[in-house]
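Some notes on the structure that comes next.
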Amino acid sequence: MSEDNNPSKAAVSVLDTLKSNPKALYAAIGAAVVVVLILAMSGGGEEMQITTAVTVGQQVTLDNPNGGGSHLTVVPGLMSTSEAEDDQDQSVCVTKAGTKATVEEEMVVGQLPFVKVKVLDGDCQGKSGWTSKVNVKGG
């Protein structure tokens with residue numbers, strides 16, 4: 001046989017060691033399992049997702065985590081920010097960050113939670129509409 005078809009000397013040496021010493025084989029398998037377990041157990045992000053627990057009648061603060069105001073709509077699930085005439089009919093108001101409101105209702109659309117709030121202060125005072133639950137902070 002030519003040199004190209006022969007396995008490398010290191011591979012032959014490792015295979016000979018594993019054949020002659022089965023404890024080395026078990027140690028190698030155990031080490032691989034430990035590495036896989038460490039990778040599996042240490043996965044995930046450092047930041048914990050915190051959900052806001054609110055109840056109907058609770059006073060909350062509207063604060064968009066992405067900055068800007070919280071958009072209130074006639075029905076839950078409308079997330080569009082376009083200026084189309086149809087969308088303007090569905091829009092109730094855009095509140096400023098820190099606006100106080102009272103929770104009137106909760107609903108999940110798809111997998112996204114929404115809350116209906118009645119605004120207590122600011123430019124939208126007295127108006128009621130739906131916003132994403134991430135825009136609501138208890139207290």
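The values are calculated or read from the model by the stated rules, or taken from the named source; none is laboratory data. Not measured: the values here are computed from a predicted model. Reconstructed Cβ throughout: ideal geometry from the backbone, glycine too, with neighbour counts over all protein chains shown.
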Test: residue in region 120-135 that is farther than 16 Å from residue 69 by Cα, at pLDDT below 90 and more than 25 Å from the chain's Cα centre (by Cα)
no
Taking region 123-135, which residues are in a loop (DSSP other than H, G, I, E, B) and surrounded by 17 or more Cβ atoms within 10 Å (Cβ to Cβ)?
124
